[in-house]
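The values are calculated or read from the model by the stated rules, or taken from the named source; none is laboratory data. Just so it is clear, the structure is predicted and the values come from calculations on it, not from any experiment. Don't worry about glycine lacking a Cβ; one is built from the backbone with ideal geometry, like all the others, and counts go over all protein chains shown.
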Amino acid sequence: MTDNRILFAIAKTFEGAPIVVLGIPEAAWEYMRQGQTHQFDLRKAGVPVQLVVFGAPDHAAAMEMLKPFTGDHFIDARDLHFGMDRITCPKCGMTSFARGDIENKYCGNCHQFHADMEL
């Protein structure tokens with residue numbers, strides 16, 4: 001039997017906000033490509049969120065798959081940015097998601113501000 005389960009972890013960011021991290025093995029990806037869903041009730045882990053992950057051949061098909069969960073009450077937000085803020089050091093290539101590093105343009109690996117680096 002193929003293990004088509006998604007892996008997930010719940011942690012806190014540096015700012016203390018909860019973060020859900022998903023790992024999707026190839027077998028789970030193929031399972032979703034066939035129109036199947038993975039459903040998580042993270043309330044059981046103390047996070048007040050339910051999560052449904054599915055695959056679809058294109059955006060139109062994905063929008064149709066949303067309807068059993070939301071009816072017609074959802075917003076197409078493909079043009080909005082929901083990615084996590086991050087900064088990548090131009091010297092060493094390390095990426096940081098820490099708010100202080102981003103705001104100060106600082107690399108904790110090099111222990112230098114980007115403006116002070118000799119590249």
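Taking Asp41 as the residue in question, decide whether it is acidic (Asp, Glu) and touching a Lys or Arg at 6+ places or on another chain (Cβ under 9 Å). For Asp41, the condition - acidic (Asp, Glu) and touching a Lys or Arg at 6+ places or on another chain (Cβ under 9 Å) - is not met. Looking across Pro57, Pro48, one residue alone is loosely packed, with under 12 Cβ neighbours inside 10 Å, under 19 Å from the mean Cα position of the chain (by Cα), outside any strand (DSSP E or B) and in the same structural domain as Lys12 (by TED's automatic domain parsing). It is Pro48. Being surrounded by 12 or more Cβ atoms within 10 Å (Cβ to Cβ), closer than 30 Å to Ala115 by Cβ and either touching a Cys at 6+ places or on another chain (Cβ under 9 Å) or not assigned by TED's automatic domain parsing to the domain that holds Asn109 (or both) is a condition met by at least one residue of the stretch 17-32.
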